[in-house]
1. When you scan region 238-250, do you find a residue that is within 23 Å of the chain's Cα centre (by Cα), assigned to a helix (DSSP H, G or I) and within 26 Å of residue 67 (Cα to Cα), even just one?
2. Could you list all residues from region 408-420 that are buried (at least 17 other Cβ atoms within 10 Å of the Cβ) and in a helix (DSSP H, G or I)?
3. Which one is nearest to residue 30 (Cα to Cα) among residues in region 52-72 that are under 30 Å from the mean Cα position of the chain (by Cα) and touching a residue at least 40 places away in the same chain (Cβ under 8 Å)?
4. Suppose we filter 3, 21, 49 for residues that are part of a helix (DSSP H, G or I), surrounded by 12 or more Cβ atoms within 10 Å (Cβ to Cβ), touching a residue at least 60 places away in the same chain (Cβ under 8 Å) and β-branched (Val, Ile, Thr); which single one remains?
5. Return the total of residues in region 52-70 being of a type outside the set (Phe, Trp, Tyr), out of contact with any Ser or Thr (no Cβ under 6 Å at 6 or more places or on another chain) and surrounded by 15 or more Cβ atoms within 10 Å (Cβ to Cβ).
6. Which of the numbered conditions does residue 225 fail, given that it passes all the others? Conditions: (1) within 35 Å of the chain's Cα centre (by Cα); (2) assigned to a loop (DSSP other than H, G, I, E, B); (3) not aliphatic (A, V, I, L, M).
7. Of all residues in region 286-324 being over 24 Å from residue 512 (Cβ atoms) and acidic (Asp, Glu), which is modelled with the lowest pLDDT?
8. Mind checking whether some residue in region 507-517 is in contact with a His (Cβ under 9 Å, 6 or more places away or on another chain) and either closer than 18 Å to residue 348 by Cα or basic (Lys, Arg) (or both)?
Amino acid sequence: DTVAADPALHARWRHWWSHFVQSVDLTPLLADYGFAPRTAFLSELMHRVRRKLLPATPETGDMAELFVLLLPSPFDVRWLQALDTGTLQRLREVLLAPAAGTDAEPDGASAVWTSTLLDALTFCTGQISAIGFAHEIRTRMSDSAQSQRPFHDLPMTMAQLRRTVQEHGLDSGATQLAADSLIQQLDRCRQAAQTVYPHLDTHGISVGIVFLLRQLRARILRCRQLLDCLLTDRPERAAAALLADLAQLSQDNRSIRALIAHSSHLTAAKVAERNAESGEHYITRDAAEYRQMLGRAAGGGALLGVTTWMKFGLTALALSAFWEGFAAGVNYALSFVLIYLLHWTVATKQPAVTAPAMVAKLRDIRAPGAVRRFVDEVANLLRTQIAAITGNVGLVVPVVLLISTLLSVLLGLPMIGEEKARHVLHDTSLLGPTPLFAAITGVLLFASSIIAGWVENWFVFHKLDSALAHHPGFTRRLGAQRAARWGRWLREHISGLAANVSLGFMLGLVPAFAGFFGLGLEVRHVTLSAGQVAAAAASLGTPVLSDPAFWWAVAGVLVIGPLNLAVSFYLAFRLALKAQAISDVNRQRINAAIRLRLRRAPLSFLLPPRPQDTEPEDEESPSSSSP
């Protein structure tokens with residue numbers, strides 16, 4: 001309103017605008033804004049960190065750098081989207097129409113805008129071709145996608161559009177045909193890129209490759225937006241929509257968390273899927289499997305009794321904090337690996353892999369009985385955990401007492417001294433920070449399952465089983481057949497080995513690193529804590545039964561187990577729900593179904609089902625669900 005009412009101001013405004021357009025390059029904003037300056041995940045991560053830490057300057061001819069300063073807040077997106085068509089048309093007249101009394105050509109601004117859009121399209125399609133030609137993308141496309149050569153033909157299709165616009169203008173039928181041809185070519189590029197995902201699903205996920213594919217898809221969408229701006233009969237409306245999208249990108253591209261979450265989503269899904277495959281082996285569904293789990297947990301508890309003795313022996317060496325933690329980590333890792341190789345089990349390690357196995361039952365939640373099958377798995381898991389904890393604790397205590405008795409008889413010394421015994425009871429007491437430490441240990445249990453999934457994905461992605469089977473050094477020493485068997489064995493067990501080794505070292509080293517920062521953090525693992533309390537009781541003798549500190553320690557052990565299980569299960573369950581994209585509505589259905597089972601058959605969560613038992617059906621029919 002102000003400019004339109006003052007011809008002199010309008011002339012000055014047009015002079016400034018003309019100078020601005022000539023000195024500032026708009027093409028980088030249209031073609032590259034919102035995309036990584038380098039086609040690599042780590043490069044974009046560091047770029048976002050720099051943008052958060054370092055201020056930007058307006059002394060630049062790059063419109064993409066100025067754009068961050070011009071539209072810095074989320075409100076800018078809203079007011080751009082709220083501009084009505086009438087206001088946009090008046091704005092276009094003020095900005096682009098020549099001032100009264102000047103000799104400027106009426107179509108000069110439109111020609112500059114058209115040339116800028118064509119340049120941006122050229123740059124954008126060139127980047128799409130470059131990503132499609134990248135070795136990590138090209139070699140993972142399907143054979144049919146590679147034979148169609150969509151990325152080879154894309155630059156020629158874009159060049160044809162530019163020539164057609166220059167020869168026939170924007171409003172011609174030839175230009176529309178050339179634009180349709182470019183859109184079809186972009187769709188073929190997108191479809192070719194989609195064929196990379198099945199390869200990743202089979203041969204392992206790479207965050208870098210997923211990042212490249214996301215960049216390629218976003219650039220294809222940008223090309224469609226630029227074409228809309230080029231060919232629309234309402235250019236001001238299309239331009240405003242594009243600027244609003246760019247302003248939204250300015251907000252989104254500042255988030256480091258969003259970058260990591262988007263690029264690692266498929267990896268997280270694959271980790272959940274691989275953990276689901278492992279978790280199937282840790283869920284009991286009938287009385288025979290229930291008894292088998294009791295036996296396997298008893299074996300694990302017996303071995304952890306020996307681990308408890310070794311732990312106290314290492315503590316007696318009075319090593320420095322780091323080396324004591326490292327030695328404890330080696331002790332735990334060797335014990336967990338041995339338990340794994342003997343096909344025994346440790347109760348607290350199960351929830352992180354059984355939760356994804358349960359959520360896998362919801363992969364097709366609309367199918368009849370999907371929620372009922374999930375509730376069955378909840379009951380099965382709870383029974384399994386009770387069996388595992390009972391077996392672990394039920395054997396670790398007598399084994400520790402037996403070792404303590406043998407040491408007293410043979411050497412005349414208990415496993416630990418009286419002062420250390422009272423210290424153990426004090427540390428395990430429910431009145432202290434034991435619940436907090438138990439919850440933190442649950443986080444470590446979940447972290448070990450994530451590490452296991454990542455290591456397995458890394459092993460599969462780099463085809464290390466094949467590399468070991470054909471490595472000249474291995475085949476020379478082991479022979480071809482034995483090397484191949486080792487490769488297959490590692491492919492099958494790398495996840496379990498990684499989980500057990502990482503958990504052992506985290507249990508040993510996390511307190512040492514926390515102590516370096518003065519945090520005083522400890523770990524509380526239910527089986528190991530039960531063994532330590534048993535060793536303390538053996539050292540103090542029968543009078544300890546009348547000591548309140550002993551019973552508070554026993555109460556602490558009773559709390560440690562549920563907290564270990566609940567925290568690790570909750571974190572794994574949330575990850576699996578996100579991987580399966582379960583909506584809030586369906587989560588409510590699941591909760592309602594669990595409550596219904598608790599009312600109708602509460603014992604099903606404690607005792608294995610009898611063959612003649614029938615399970616209650618879902619309260620809601622599948623047709624009433626929402627995706």
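The values are calculated or read from the model by the stated rules, or taken from the named source; none is laboratory data. Remember, it's a predicted structure, so these values are computed and weren't measured experimentally. Note that we place each Cβ from the backbone using ideal geometry, even for glycine, and neighbour counts take in every protein chain shown.
1. Of the residues in region 238-250, the ones within 23 Å of the chain's Cα centre (by Cα) are 249.
From what is left, the residues that are assigned to a helix (DSSP H, G or I) are 249.
Pick out the ones that are also within 26 Å of residue 67 (Cα to Cα) and you get 249.
Yes, the conditions are met somewhere in region 238-250.
2. To start, the set of residues in region 408-420 that are buried (at least 17 other Cβ atoms within 10 Å of the Cβ) comprises 414-416, 420.
Selection gives 420 alone.
3. Checked region 52-72; the qualifying residue nearest to residue 30 (Cα to Cα) is 68.
4. Details: 3 fails: part of a helix (DSSP H, G or I); 49 fails: surrounded by 12 or more Cβ atoms within 10 Å (Cβ to Cβ).
Criteria check complete, one pass: 21.
5. 5
6. (2)
7. Result: 286.
8. If we filter region 507-517 for residues that are in contact with a His (Cβ under 9 Å, 6 or more places away or on another chain), which is where we start, we get 507.
Now narrow it down to the ones that are either closer than 18 Å to residue 348 by Cα or basic (Lys, Arg) (or both): 507.
Yes - at least one qualifying residue is present in region 507-517.
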